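Encoded as structure tokens, the structure appears first; notes follow it.
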Amino acid sequence: MADMETEGEQLCEAARNGDVAKAKALIESGADVSFFDSDGLTPLMHAAKLGHTDLVKAFLEAGAPWNALSPSNQSAGDFAMDSGHQEAYEALLNAGIQAELILGTIARKTKKNGDFEGDYLEDRVTFSEDKLMDSDSKAVMMAWEKPLMEAHAKAVCSGVGNVLNVGFGMGLVDTAIQQYGPATHTIVEAHPEVYARMLRTGWDKKDNVKIIFGRWQDVLSQLESYDGIFFDTYGEYYEDLREFHQHLPKLLKPGGIYSFFNGLCGGNAFFHVVYCHLVSLELENLGYSTQLIPLPVKDCLGEEVWRGVSQKYWQLDTYYLPVCQSIEESE
Ligand SMILES: C[S@@+](CC[C@H](N)C(=O)[O-])C[C@H]1O[C@@H](n2cnc3c(N)ncnc32)[C@H](O)[C@@H]1O
């Protein structure tokens, strides 16, 4: 045990010194590449912090976890990114994308807005002026997202015509979509209380609105094809988003625009970058190009926003709004 610890410490030291030969010798003699030192840092984090790319690669090849987190919730990729070590950053980014393509260890196992037990659709929800919460005080939707929802609406309504939104929440995106006067505006919503509130507030009375109550997975046969589609559900996994994407060729008209709430790994800057790449790659394989439009969100996200909410689902300064369209048409 003591030996393992000493070897681990030595590996961290070799990482800090950029000593590739020493690090390789230690790894060969059985030193643990996933060792955390007394500061809670791994050899990979030390190497990334100081931009020792050869070591970053050697540790990754030896099986060091790319997604280990320091006590301040930073991964090796965050350290490389923050210190401006481009090469080390790219090596970590590639490792992250490859690992997630195969294993999906992060976002595939976390639901939107955090990991939680139970079925959200059977829970009670509470509405207040600035948020919609589930029974665990986790935010389903919050008013700070209004400018983002307006930007999403603008993107998916750029050609107006027929628009589809999946997930009503607080109706922010739908209110914005209405302002563009689409010919038809279809809304899919699965939560009975959210649906009841839609009826109470007259959404079913709007001329161009068609509400489909149910999980999108269960009502696909009632959907048509659309000029603009927005997707923003809650209590679902990354796998559900991927599954929705499989239906895009049927749901999106030629020339149509698709966008989704990009909250992927919103608690960690590097993981977020990995997932932005991953989702873009997966969409590309389906024939769609993805443009990520940066929108600053720091100013609308003071600490007070999260009062009473049990989990901050977004902690980054910039939101990357995805705008997807068929590769053929975007060329
Ligand atoms: C984050 S909110 C949407 C917020 C919305 N974009 C807005 O602007 O207010 C997610 C919504 O998706 C709904 N939802 C969750 N799972 C769903 C599913 N499988 N199918 C349809 N709606 C779903 C939730 O009940 C919730 O109303």
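The values are calculated or read from the model by the stated rules, or taken from the named source; none is laboratory data. Worth saying up front: this structure is predicted, and the values here are computed from it rather than measured. Here the Cβ positions follow ideal geometry from the backbone for every residue, glycine too, while neighbour counts run over all protein chains shown. Accessible surface is based on the protein model in full, side chains and every heavy atom, while ligands, DNA and RNA are left aside. Shrake-Rupley method; radii C 1.70, N 1.55, O 1.52, S 1.80 Å.
Couple of notes before you dig in:
- Take each peptide in 150-160, 48-58, count the other Cβ atoms within 10 Å of every residue, and average; sorted highest first, the result is 48-58, 150-160.
- Efficiency of FRET from Cβ geometry, residue 38 and residue 239, R₀ 35 Å, rounded to 0.05: 0.40
- The mean accessible area for residues of the range 226-331, using a 1.4 Å probe and ignoring ligands and nucleic acids, is 44 Å² per residue.
- Potential extension, residue 5-residue 246 segment - 0.36 nm per residue separation minus Cα distance: 82.0 nm
- FRET efficiency for the pair residue 215 and residue 82, taken as 1/(1 + (r/R0)^6) with r the Cβ-Cβ distance and R0 = 30 Å, rounds to 0.15.
- Portion, in percent, of the accessible area of the chain that falls on carbon or sulfur, probe 1.4 Å: 48
- What the range 2-105 shows is 47 Å² of accessible area per residue, with the surface traced by a 1.4 Å probe over protein heavy atoms.
- Amide H contacts of residue 293 (H built 1.01 Å from N, in plane; Pro and chain starts excluded): 321, 323 sit under 5 Å, all sequence-distant by 5 or more or on other chains.
- Length added when fully stretched, residue 196-residue 286, from 0.36 nm per residue minus Cα-Cα: 28.8 nm
- Span-like helix ranges in the chain, DSSP H, alpha carbon extent 18 angstrom or more, Kyte mean at least 0.5: 269-285
- Only Cα pairs under 8 Å and 6+ residues apart enter the sum, and on that basis the relative contact order of the chain stands at 14 percent.
- Length added when fully stretched, residue 25-residue 311, from 0.36 nm per residue minus Cα-Cα: 98.6 nm
- Among the listed pairs 131/298; 24/312; 138/205; 138/250; 57/138, those whose Cα-Cα separation exceeds 29 Å are 24/312; 138/205; 138/250; 57/138.
- Relative packing of peptides 217-230, 167-180 - highest average C-beta neighbours within 10 Å first: 167-180, 217-230
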